[in-house]
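Only the coordinates and a few stated rules stand behind these numbers; no lab work does. A quick note: this is a predicted structure, and the numbers were derived from the prediction, not measured. Ideal geometry is used to build each Cβ from the backbone, glycine not excepted, and the neighbour counts take in all protein chains shown.
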Number of protein chains: 2
Amino acid sequence: MNAAQLLAEAYKKSSYQVPGHGPRQIQVLQQALAELEGTVESDLYGKGAVIEDFENKLAAYLGKEKAVFFPSGTMAQQIALRIWCDRKSLKKVAYHPLCHLEIHEEDGLKVLHQIEPILLADKTRLIRLEDVQRMDTEVACLLLELPQREIGGELPEFDELVAISRYCRERGVKLQLDGARLFEVLPYYQKSAAEVCALFDSVYVSFYKGIGGLAGAILAGDEDFAKEATVWKRRHGGDLISLYPYILSADYYFERRKDRFPVYFEQARGLASLYNGCSGVKTRPAVPVSNMFHVHLAFPKEQLEPVFTSVYEETGVGLTHAIRAVDEQSSYYEVSVGDNYGKIPKAALQQAFRTLDEKLQRLASR
Amino acid sequence: MNAAQLLAEAYKKSSYQVPGHGPRQIQVLQQALAELEGTVESDLYGKGAVIEDFENKLAAYLGKEKAVFFPSGTMAQQIALRIWCDRKSLKKVAYHPLCHLEIHEEDGLKVLHQIEPILLADKTRLIRLEDVQRMDTEVACLLLELPQREIGGELPEFDELVAISRYCRERGVKLQLDGARLFEVLPYYQKSAAEVCALFDSVYVSFYKGIGGLAGAILAGDEDFAKEATVWKRRHGGDLISLYPYILSADYYFERRKDRFPVYFEQARGLASLYNGCSGVKTRPAVPVSNMFHVHLAFPKEQLEPVFTSVYEETGVGLTHAIRAVDEQSSYYEVSVGDNYGKIPKAALQQAFRTLDEKLQRLASR
C-alpha cells in the first residue's frame, strides 16, 4: 500500500471519524427500509404515491409549483439549462469556472445539448453582482451554486443574491440554483428554503450530501418547466421504472436531518477554529458559512499523509480519508460536518488536534 | 371507477395472478437486502466491489470483454448506438419501427445524439435477412431486439441471425443486441447467452423483466467500447454515486431465476394453448418462442373489461391487469410468465379458462 492508501485505511479503522454521517454502507438503505411495510407499492415510471408524495412535499418545502425527482443532479441540471435555452432559442448559459457541469460531467452539457457556457468570475473567488453586470454576452440562464463548493463553500451575502436575481429578471435571464448543498446554507442566511428559492426560476437539491441519503435529486420550478423536465428525464434514460430506493431513503433522511443543519453549522465553526489553531493550517472560509469548509495546509501532500496516519493511530480520531495536492508545497482537503461530529468525546477531539499541531510544528522545523 | 380501473382492482384482489413474478412492491428490494451484512460498502461512481464484481460476472456470462452497469436500458442503448456512430462518423442506424428507442424514449436518440434511424421491416413483422440486404442507406449500426416485444415476442430462427450477423460484419455494420429479454429466448434457441451474444458487437440486457429485479441494465462489449460507455454514462447523468440497490437486487434475482427460463418457456406454451382454446382468442405467436406472447381477442375492449372482471371475481384467478384496444372490434394484452404461474392450482386455472370461454361465447352470440 502507498501512503495515500495507508491514510485511507487508518481513517477507516479510526474509532471516531470527524466529518460526515458515517460510512457509505448498505445499512444506510436497510435502515431507511426497515420500518416500511413490504407491501408499499413501487413508483412506476414517475407515477405513484411514493414518488408523487415526495415531489409534492419538496415542491412545498422549496416554495415551487412542482418538483420532479431525478436519479442525479448531473441529469437534472443539464435539463434545467436546456429548458431555459430552448425557451429563449439561445444556447448560452453562464456559470462559475468550477461549476459541477464544467469540471465533473465529461462535458455532457456541451456534447449532449450543444450549450455553450460563459465562465464568470475566476477559480479563486465567487461570482459577484459586478461579474453579472459586466457580462457582455447574452445568455439564457445564469447558474449559481450555493455554497460554491470547490472554493471551500463560500457564499455571497443574501442581499447580493437579491440584487443578482433582480438584475437577471429585469433582463430576462433565468436563474438556476445549484442547491446541492442548499439545506446547508439556510442557517447562515437565516432564511427558509422557499425564501432562498424565490430568487431563482428553477432549483436543484441533492439528497446524498447533507441529507445523507443514497443518491437522487429534486428539480423544481413552475408547472410547465416540470412537465418539460419529465420529458427530458425520459430522453436521458432517467425515467426508471422504479426510483423508490432513492426516494424512500431521501425522504427518511430528509425527515431525520432537515432540522439539524443549524447544529452542523455551529459544529463546523468549532471544528474550523480547531484547525486554525494548528501550525501551518488555515481553513477556507476562515469562519465557515455552512457545514463545510476546506482545510489548507502549508506542507506537501507526501509529508502530510504519514503524519495524519500516525495521528489517527495514536488518538483513534480520523480527520480525513484523503489529502490532495494544491502544488508541490501545499495541500488541502474538504470537510463536511454531519452526525459523526457530535459523537466524538471532546477530550479525544482535543487530543487529536494537539497531536496534529505538535507533529506539524515538528514538520515545519525539519 | 371506470371499467378499466375495476378490472385492475379485481386483478389486484385475485388470489392467483397468472403472469409475472408478483407485485412490484418494496419487499422485492427488502428481500434482496435481507441476507446481506449492513457493512457491505456502496459502489462509488462506478467503482468498488459491488459494481465491479457484478459487471465481471455478467461480462463472462455474456461472453464479452467488459460489461458496464447502467440505471436504464434507455440510457445504455442510446449510448451504444452513439459510440458506433462516432466510430464511423456516420449518424445513421437501422432498427425496427416498434423499437424501444423509436416509440418509448421521447426521441432521446434523435434529440440528444442527432442520430437518424432507418426503419427496417414494418410494424407487423420481424426484420428479415432480406430487409438488411435491401437496405439502400449506409448505417453505422443495426439494432435487433430478441424477442421483438411489440409483436408478441417473435424471433428469427438462429440460422437467420447468424446470416444477418455475417452480412453486417462483411459490410462493417456493427450489430447491437436489444436483449431486454435475452434470458427469455435462450431455451428456444437452445444456446447459451454467450453463443447468442457472439453474433453481436454490443449487447444490452435488463434486470427487471424476466429476472424480476428493480431496474438497471448491463451494456457489454469490448474493452474500448466499455470505456467510452462509462464516459457517456457520466454525461447522461447515469454515473450515480450509488447504484447498489439495483445491482444487489439484479444479482440476487439473476442467481435465483437465471436457470428457470426453460420452465417459464414451457409454462408459456401451456398457457398459450389454454388461451387458444377460448372462443375468439388467438395468441401471437400461436406457439410462444419465449416466456411471453400477446393475447388477441376479437371483441372490443369495452366489452371485455367487465367479462374479465367477472372471471377474476368468480374464479379468483387474474389473467391481466389491463386490456388494450387494437381497433373498435378487437383488443390485445401482453403476457409474460414468471414465478406466479407455478403457484396456481391446476383446477383453478382450468376453471378460469372454462369460465372465460363460456363468457366469450355468450359475448359472441349477443
Cα convex hull of region A:205-279: mean projected area in nm², to one decimal? 7.4 nm²
Against the longest principal axis of chain B, how steep is helix B:261-276, in degrees 0 to 90 to the nearest 10, with axes from Cα atoms? 40 degrees
I'd like the mean, over residues of A:20-27, of how many other protein chain beta carbons sit within 10 Å of each residue's own Cβ. 5
Along the Cα-to-Cβ line of residue B:169, 7 Å from the Cα, sits a label point; which residues in region B:119-135 have backbone N less than 14 Å from it? none
Counting other C-beta atoms within 10 Å, which of B:275, A:341, B:204 has the fewest, and how do the rest follow? B:275, A:341, B:204
Using modelled backbone amide H atoms (1.01 Å from N, in-plane), which distant-in-sequence or interchain residues come within less than 5 Å of residue B:154's amide H? B:148
Find how many whole Å separate the alpha carbon centroid of region B:306-366 from the alpha carbon centroid of region A:1-29. 56 Å
Over what distance in Å are the Cα centres of region A:148-192 and region A:224-243 separated? 26 Å
Going by C-beta contacts inside 10 Å, put A:150, A:130 in order with the fewest on the left. A:130, A:150
Counted charge near residue B:110, where neighbours are those whose Cβ lies closer than 11 Å (Asp, Glu -1; Lys, Arg +1): -3
Mind listing the long-range amide H neighbours of residue A:241? Cut-off is under 5 Å, sequence gap 5 or more, other chains count too, H placed in the peptide plane at 1.01 Å from N. A:45
Axis-proximal residue, chain B, for the rotation superposing B on A (Cβ, Å): B:245, 2
Please give the average number of partner chain Cβ atoms lying within 10 Å of the Cβ of each residue in B:202-214, rounded to a whole number. 1
When you look at the Cβ of every residue in A:228-236, what mean number of other chain Cβ atoms sits within 10 Å? 5
Packing-based exposure ordering (other Cβ within 10 Å, fewest first) of A:236, B:21, B:100: B:100, B:21, A:236
Computed about the Cα centre, the charge dipole of chain B from +1 Lys/Arg and -1 Asp/Glu charges at the Cβ has a magnitude in debye, to the nearest 20, of 500 debye
From the label point of residue A:47, set 7 Å along Cα to the beta carbon, how far off in nm is each other copy's matching point, shortest first? 4.1
Can you tell which of B:310, B:89, B:206 shows the greatest fluctuation in a Gaussian network model of chain B with Cα springs below 10 Å? B:89
Per-residue ³J(HN,Hα) for region B:140-153, Karplus 6.51 cos²θ - 1.76 cosθ + 1.60, θ = phi - 60°, Hz, x for Gly and Pro: 7, 7, 10, 9, 10, 9, 10, x, 6, 4, 6, 10, x, x
What gaps in nm, shortest first, separate residue B:224 from its twins in the other copies when you place the label 7 Å past Cα toward the beta carbon? 4.7
Of B:237, B:318, B:46, which has the largest mean-square fluctuation in a 10 Å C-alpha GNM of chain B? B:237
In whole Hz, what ³J(HN,Hα) sequence does region B:188-205 give by Karplus (6.51, -1.76, 1.60; θ = phi - 60°), x for Gly and Pro? 5, 5, 6, 10, 7, 4, 5, 5, 5, 5, 4, 7, 10, 7, 8, 9, 10, 10
For region B:43-241, with only Lys/Arg (+1) and Asp/Glu (-1) charged at the beta-carbon, what is the dipole magnitude about the Cα centre, in debye rounded to 20? 280 debye
Rounded to a whole number of µm²/s, how large is the Stokes-Einstein D of region A:134-203 at 4 °C and 1.567 mPa s, given Rh as the Kirkwood radius over C-alpha pairs? 104 µm²/s
With axes computed from alpha carbons, what is the tilt in degrees of helix A:3-13 against the longest principal axis of chain A, rounded to the nearest 10 within 0 to 90? 90 degrees
Mind telling me which of A:335, A:317, A:111 comes out most flexible in a GNM of chain A, alpha-carbon contacts under 10 Å? A:111
Burial-style ranking of A:343-349, A:291-297, B:328-334, B:240-246, average other-beta-carbon count within 10 Å with highest first, yields B:240-246, A:291-297, B:328-334, A:343-349
For residue B:217, residues with placed amide H under 5 Å, excluding near neighbours: B:70, B:72
Rounded to 10°, Cα long-axis angle of helix B:301-315 versus longest principal axis of chain B: 70 degrees
Along region B:168-183, what does the Karplus equation 6.51 cos²θ - 1.76 cosθ + 1.60 (θ = phi - 60°) give for ³J(HN,Hα), rounded to whole Hz, x for Gly and Pro? 5, 5, 4, 9, x, 9, 6, 10, 9, 9, 7, x, 3, 10, 4, 4
